[in-house]
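Novice: Next up is a structure, given as structure tokens.
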Amino acid sequence: MKLVRTLIPLLLTVSALAGAEGLRKEGGETFLEPLQKRDSILVADQLRYGFALENIEEGTPLVLPQLKMEKDAPLEILGQWQVDSVRVSRRKETPARYNIKASLLLTTWTGGRFELPDLPVLVNGDTLVFKAPAEPLEVKELPVDMESFQAHDIKDQVQFPYTLKELFPWIYGTAMVLMALSALILWLTGRSRKKEEARNAEPAHIRALRKLDQLRGDKFWKPEKQKAFYSGVTDALREYIVSRYGVGAMEMTTAEIFADLQGSDIPEDLYHEMKTLFETADFVKFAKLTVSDEENAKVLPQAIHFVTATYEQEIAGQAGEDDKKEKEEED
């Protein structure tokens, strides 16, 4: 048979409780509510032990007992009284009335059967005694077989495979981002293509003159910028020569370009002037030649003159062909 231990509380209340003149009455039954919802109470479980009062008028004096356990008492009180109240009367002409529930939090660190104390409460001058449960509190210990007990290391967390439901938001989000990026790339590509087509739709001499105009100013004549300056000028002229004369100038050397242009309708003085400009640019780009400001100042006017002169020559040639066709049609 299990050992039955008795819990002896020491009631420490306001002086009115020690020498109360009122009556000592029965207040009803106490309640015992385990916080851990299971069939039995185990060591270290916590329980609410207290009493309930009903229909108490607002302003009624209420003095609660203060329980102090003996040094070796098996039960331990955790904290102070917890009082909850619920208003049950809402009439304006009468004082409010409340249902009151007060309890202490108990626990124990040993197994056995324990008798709980009655709870005397001073209510409006009278001492109400709430009776403890008739059956002792039974606390069970977890059985441990020390002979077969074997300590084990802490196990790693179990890794469960992801389900489709968990992965779906990530898959959907990734697909939407990829679709948005694809649409953005297509839009930017189409926009760039349209700009390129618009530029290519312009006459060759207009494109060349616009690029040459961006190289105006003596800031490009500094020794460290001369290579970029001459490269920009010759690249603009190369693109113009490709469109105007059908020569693959972008992939040719200077000698190859002017060898193909030798039989064209370019005036001889303009031909030699452009050949000299390209050769000077080759020395600047590949031999690190530094050109004087006076020579640099001549480069853009010579390039612009070459473009405008050859374009005017093309226009004049087309006009002559048109007149010739008109005369042939008249004849």
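The values are calculated or read from the model by the stated rules, or taken from the named source; none is laboratory data. All values reported here derive from a predicted model rather than from experimental measurement. So basically every Cβ, Gly included, is an ideal-geometry build from the backbone, and we count neighbours across all protein chains shown.
Novice: Looking at region 69-94, which of its residues are surrounded by 11 or more Cβ atoms within 10 Å (Cβ to Cβ) and over 16 Å from LEU32 (Cβ atoms)?
Specialist: Here is the first cut: in region 69-94, the residues surrounded by 11 or more Cβ atoms within 10 Å (Cβ to Cβ) are 69-70, 73-77, 81-85, 88-89.
Within region 69-94, MET69, GLU70, ALA73, VAL83, ASP84, SER85, VAL88, SER89 qualify.
Novice: If you go through region 271-318, how many residues are of a type in the set (S, T, N, Q), touching a residue at least 60 places away in the same chain (Cβ under 8 Å), more than 23 Å from VAL242 (Cα to Cα) and surrounded by fewer than 16 Cβ atoms within 10 Å (Cβ to Cβ)? Walk me through it before giving the result.
Specialist: Residues of region 271-318 that are of a type in the set (S, T, N, Q), as a first pass: 276, 280, 290, 292, 296, 302, 308, 310, 313, 318.
Applying the additional criterion that residues be touching a residue at least 60 places away in the same chain (Cβ under 8 Å) yields 290, 296, 308, 310.
Narrowing the set further to residues that are more than 23 Å from VAL242 (Cα to Cα) leaves 290, 296.
From what is left, the residues that are surrounded by fewer than 16 Cβ atoms within 10 Å (Cβ to Cβ) are 290.
Counting residues in region 271-318 that are of a type in the set (S, T, N, Q), touching a residue at least 60 places away in the same chain (Cβ under 8 Å), more than 23 Å from VAL242 (Cα to Cα) and surrounded by fewer than 16 Cβ atoms within 10 Å (Cβ to Cβ) gives 1.
Novice: Moving to a separate point now. Quick check on region 198-205. Is at least one of its residues of a type in the set (Lys, Arg) and assigned by TED's automatic domain parsing to the domain that holds ASN296? Step through it out loud before you land on a result.
Specialist: Going residue by residue through region 198-205, those that are of a type in the set (Lys, Arg) are 199.
Okay, now just the ones that are also assigned by TED's automatic domain parsing to the domain that holds ASN296, so none.
For region 198-205, residues of a type in the set (Lys, Arg) and assigned by TED's automatic domain parsing to the domain that holds ASN296: absent.
Novice: Another question, then. For region 165-176, state whether one or more residues are in contact with a Ser or Thr (Cβ under 8 Å, 6 or more places away or on another chain), more than 30 Å from LEU64 (Cβ to Cβ) and either surrounded by 10 or more Cβ atoms within 10 Å (Cβ to Cβ) or in contact (Cβ under 8 Å) with a residue 24 or more places away in the chain (or both). Quick ask: steps written out before the conclusion?
Specialist: Pass one, region 165-176, residues in contact with a Ser or Thr (Cβ under 8 Å, 6 or more places away or on another chain): none.
Checked against the condition, which is being in contact with a Ser or Thr (Cβ under 8 Å, 6 or more places away or on another chain), more than 30 Å from LEU64 (Cβ to Cβ) and either surrounded by 10 or more Cβ atoms within 10 Å (Cβ to Cβ) or in contact (Cβ under 8 Å) with a residue 24 or more places away in the chain (or both), region 165-176 yields no hits at all.
Novice: Separate question: Filter region 115-149 down to the residues that are within 58 Å of the chain's Cα centre (by Cα) and surrounded by fewer than 10 Cβ atoms within 10 Å (Cβ to Cβ), then identify the one that is nearest to ALA102 (Cα to Cα).
Specialist: Once the filter is applied, the top-ranked residue is LEU142.
Novice: Also, quick follow-up: Restricting to region 29-49, give me the number of residues that are on the phi > 0 side of the Ramachandran plot and surrounded by 15 or more Cβ atoms within 10 Å (Cβ to Cβ).
Specialist: Of all residues in region 29-49, those on the phi > 0 side of the Ramachandran plot come to 44.
Next, from what is left, pick out any that are surrounded by 15 or more Cβ atoms within 10 Å (Cβ to Cβ): none.
Looking only at that region, the number is 0.
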